[in-house]
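The values are calculated or read from the model by the stated rules, or taken from the named source; none is laboratory data. Bear in mind the structure is a predicted one, so any value in this text is a computation, not a measurement. Cβ placement follows ideal geometry from the backbone for every residue including glycine, while neighbour counts extend to all protein chains displayed. Calculation scope for accessible area: heavy atoms of the full protein, side chains included, ligands and nucleic acids excluded. Shrake-Rupley method; radii C 1.70, N 1.55, O 1.52, S 1.80 Å.
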Amino acid sequence: MTYKNEQNTNILYKGNKINPNRVSDPEVMPLYLSTAHNVADLDDLQNTYDRKGYAYTRSHNANRDGIAELMTYLEQSENSVITNTGMSAISTTLLALLTSGDHVVADKTLYGESIDFLKTLSKYGILVDFVDVTNLDEVASVINANTRILYTETVSNPMMTVANIKAIADLAHSHQSYLIVDNTFMTPVLFHALTDGADVVINSLTKFANGHGDVTLGSISAKAEIIEKIYNLQVLLGTTGDPFDSWLATRGIRTLDLRVKKQSSNALSLATFLENHQLISKVYYAGLKSHPQHDLAEAQFSNQYGGMLSFELKGDRQTINKFLQELNLTKYAMTLGGIRTTISHPVSSSHYDTPEEEKAKIGITDQLLRVSVGIEDEADLIHDFEYALSQIELEEGE
Ligand code: PLP
């Protein structure tokens, strides 16, 4: 369609500006979807660059800056950047801080796709050793002169092992290495990794932080000089977070504290119920006294252990299918951290591509189910699991 006269051309511009006399102070940050901001001339553009103003959204965006400020505050950090997924927070950080010839020590029980990404680094001449981070001697034994990064999750996905962040940070620093911590499961409400000595903390905001299952986003928080290095690469990789996702997740984070505390208390009750049920052979939850790192978790997390737990259900694939079908409130879904309780089967999702021998080393079995506990009424939640288990018992009794 061509526009031949001014009247038609105006269609392209009418309704595009807010009258400055009518704008006061919006109670909530408006959503800035504009890909670019107009500048008057070359000098104005230079001026925009100099004051880190908004010119092009891949580099700077008001909604992304807003959530970065919020994450900096929550993580008690100097600065943060926001990425378009949790995975891009991980990949951007590692690519920015590593060069060919470097060596990384990582926990062997990390989220499956974090392990898969770390393995791809060998293409760039970066070698990774996977160890049990709960065994500090084992961590120390693989550190060498080229080690630049120690990498762990605070509480790992899906085995719920708890890393001693202070001790691992000391080990990293005594070898001039950085400690990077993925704090997705605990969130800054329950644990501050930077305060305990980590150099970089990563969150998949897709999960608990946003909490409503409608965005993918990640954050990286660290000292300003580290963030500058990461940001410079991020703009080139194009992994900056989407404005609308940033806006939604900012709203989600406002209630993070309330949600995570309720999720933690629901999770402790559900873990205790499952531990006492005859159809459950194992429960992994750091709040239980039976958890191998319970004492460490008690000291490190001040009595709240997060909304994630895993357990093994006695039986075969058919038993698991029956159990999933009989759950009512709880949905089988490939995500976590939302307000509703969801359940997943790691062998069929996060560790689908993990070789059998590696799953065996980590302890991931076909019977393992991972639960992300929501904010439902506690009694309703327990009843949901109790009912589904009772239907298996009924079938087995027939
Ligand atoms: N880190 C952990 C611990 C996760 O569980 C996940 C996803 O489940 C990620 C990172 C990746 O996050 P995203 O799906 O936002 O890329």
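Out of (1) among the β-branched types (Val, Ile, Thr); (2) surrounded by 18 or more Cβ atoms within 10 Å (Cβ to Cβ); (3) within 16 Å of the ligand (Cβ to nearest atom), what's the single condition that is false for ILE126?
Tallying (1) among the β-branched types (Val, Ile, Thr); (2) surrounded by 18 or more Cβ atoms within 10 Å (Cβ to Cβ); (3) within 16 Å of the ligand (Cβ to nearest atom), ILE126 fails exactly one: (3).
Given the condition touching a helix residue (DSSP H, G or I) at 6+ places or on another chain (Cβ under 8 Å), at pLDDT 95 or above, open to solvent by 40 Å² or more (accessible area, probe 1.4 Å) and of a type in the set (Phe, Trp, Tyr), answer yes or no: does some residue in segment 277-289 qualify?
Checking segment 277-289: not a single residue is touching a helix residue (DSSP H, G or I) at 6+ places or on another chain (Cβ under 8 Å), at pLDDT 95 or above, open to solvent by 40 Å² or more (accessible area, probe 1.4 Å) and of a type in the set (Phe, Trp, Tyr).
Enumerate the pairs (first residue in segment 374-398 and among the charged types (D, E, K, R); second residue anywhere and assigned to a helix (DSSP H, G or I)) with beta-carbon separation below 6 Å, excluding pairs fewer than 6 apart on the same chain, so at least 6 apart or on different chains.
Every condition considered, the pairs that remain are GLU378/ASN266; GLU378/SER269.
Between HIS192, HIS212, which is open to solvent by 10 Å² or more (accessible area, probe 1.4 Å) and either more than 16 Å from the ligand (Cβ to nearest atom) or of a type in the set (Lys, Arg) (or both)? Outline the logic, then answer.
Numbers: HIS212 fails: either more than 16 Å from the ligand (Cβ to nearest atom) or of a type in the set (Lys, Arg) (or both).
Answer to the selection: HIS192.
Going by what's in this entry, would SER221 be described as open to solvent by less than 30 Å² (accessible area, probe 1.4 Å) and touching a Lys or Arg at 6+ places or on another chain (Cβ under 6 Å)?
Numbers: open to solvent by less than 30 Å² (accessible area, probe 1.4 Å): yes; touching a Lys or Arg at 6+ places or on another chain (Cβ under 6 Å): no.
So SER221 fails the test.
Which ones in segment 87-96 are away from the ligand (no atom under 11 Å from the Cβ) and either in a loop (DSSP other than H, G, I, E, B) or open to solvent by less than 30 Å² (accessible area, probe 1.4 Å) (or both)?
The first filter runs over segment 87-96 and keeps only residues away from the ligand (no atom under 11 Å from the Cβ), leaving 92-96.
Hits for segment 87-96 are THR92, THR93, LEU94, ALA96.
Working carefully through the options LEU329, LEU381, find the one that is closer than 26 Å to GLN263 by Cβ and open to solvent by less than 20 Å² (accessible area, probe 1.4 Å). Write out each step before concluding.
Working: LEU329 fails: open to solvent by less than 20 Å² (accessible area, probe 1.4 Å).
LEU381 is the lone residue from the list that is closer than 26 Å to GLN263 by Cβ and open to solvent by less than 20 Å² (accessible area, probe 1.4 Å).
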